[in-house]
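Please read the structure below before turning to the comments.
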Amino acid sequence: MNRFLGEPDLAAFAALFGTTVVKATVDDVLREARAQESSARDVPAFDELIAQVRARLATRENDELAGVLNATGVLLHTNLGRAPLAAEALEAAAAIAGGYSNLEFDLSSGAGRATRELRRRSAR
């Protein structure tokens, strides 16, 4: 297993999906190879096994979320995701999200987000 996980291609997939997913994929490929071998000559080479694991993980990668262009104009269709954020908005969000913040807590009143929202709505 360590030899598989040490492969640079598979290490990249481990960063994307997590080591558990990569290990499970390696286990599946090895289990199938063992079931198909009838002699020592039928054992696939390591490079062939790596290629099989890589192909399965690439298929999984393609099944994940993909970027799409929301060309609906003014109206935003929720099934096409959210509108892209401006660079300044991304930088501001990253600055706050990169550390601790009071997102769930109002420092001046001591209220949590749900209480704040209830007060805001009842003030209308």
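Each reported figure results from applying straightforward, stated rules to the coordinates on display, with no laboratory input. Not measured: the values here are computed from a predicted model. Cβ placement follows ideal geometry from the backbone for every residue including glycine, while neighbour counts extend to all protein chains displayed.
Before moving on, here are some points about what is shown:
- Per-peptide average of other Cβ atoms within 10 Å, ordering 21-31, 45-55 highest first: 21-31, 45-55
- Net charge dipole size for segment 2-63 [Lys, Arg +1 and Asp, Glu -1 on Cβ; Debye, nearest 20]: 140 debye
- Packing-based exposure ordering (other Cβ within 10 Å, fewest first) of Phe4, Phe17, Phe105: Phe105, Phe17, Phe4
- Fewest-first sequence of Glu91, Glu32 by Cβ atoms within 10 Å of each Cβ: Glu91, Glu32
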